[in-house]
1. Could you check residue 87 against (1) within 24 Å of residue 124 (Cβ to Cβ); (2) at pLDDT 90 or above; (3) touching a helix residue (DSSP H, G or I) at 6+ places or on another chain (Cβ under 9 Å) and say which number it fails?
2. What residue, among those in the stretch 56-84 that are closer than 19 Å to residue 34 by Cβ and either more than 17 Å from the chain's Cα centre (by Cα) or modelled with pLDDT under 85 (or both), is surrounded by the most Cβ atoms within 10 Å (Cβ to Cβ)?
3. Among the residues of the stretch 85-121 satisfying the criterion of being touching a residue at least 24 places away in the same chain (Cβ under 8 Å) and of a type in the set (Ser, Thr, Tyr), which is surrounded by the fewest Cβ atoms within 10 Å (Cβ to Cβ)?
4. For the stretch 48-67, does any single residue satisfy the condition of being of a type in the set (Val, Ile, Thr), closer than 24 Å to residue 129 by Cβ and free of Cβ contacts under 8 Å to residues at least 60 places away in the same chain?
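The values are calculated or read from the model by the stated rules, or taken from the named source; none is laboratory data. Note that this is a predicted model, so its numbers are computed, not measured. Here Cβ is always computed from backbone atoms with ideal geometry, including for glycine, and neighbour counts include all displayed protein chains.
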Amino acid sequence: MNKSYLIIIAFFIFLIQFCNPHTDYETKVFETYLMDQFTETIPNNNHTYLIVSEFHCSGCLQKIFTDIYGKVRLEYFDSLTILTYDSTLIPEHIRKHAKVLLDKDVAYEYIGLSIANVTVVRTKNCSIKSIEVINLDDITSFKIQ
């Protein structure tokens, strides 16, 4: 194999490995938070965390949870964890199916992740894969997995 091909392949491997916008730092910070607050770790399988911001639009929050419950199949709620400072913000029918972690000190607001309204943190292989704020315009395309 030609030396230039090896260099090109090595370059693309480098890009794949190091161009992930969600760094190991974010994963470590989030994992440390989960361990310190709840003795939890990021699971190996696909998992979705919904983080409810302390400063949120109440109507937006209600619409988000109504839309999520209406379009997500119940078996997917096993791979959903909701982080909130007030469990009464989460509708009862969702609390029955999803795991809810209560952080009365709202420590997740101070760990360095960009959190607003309702933020989605998607993980896989014990690592953060994406972080996104739910936009009401995009809620129709929301998926847990």
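1. Status for residue 87: all satisfied but (1).
2. Selected residue: 77.
3. Per the stated criteria, the residue is 85.
4. no
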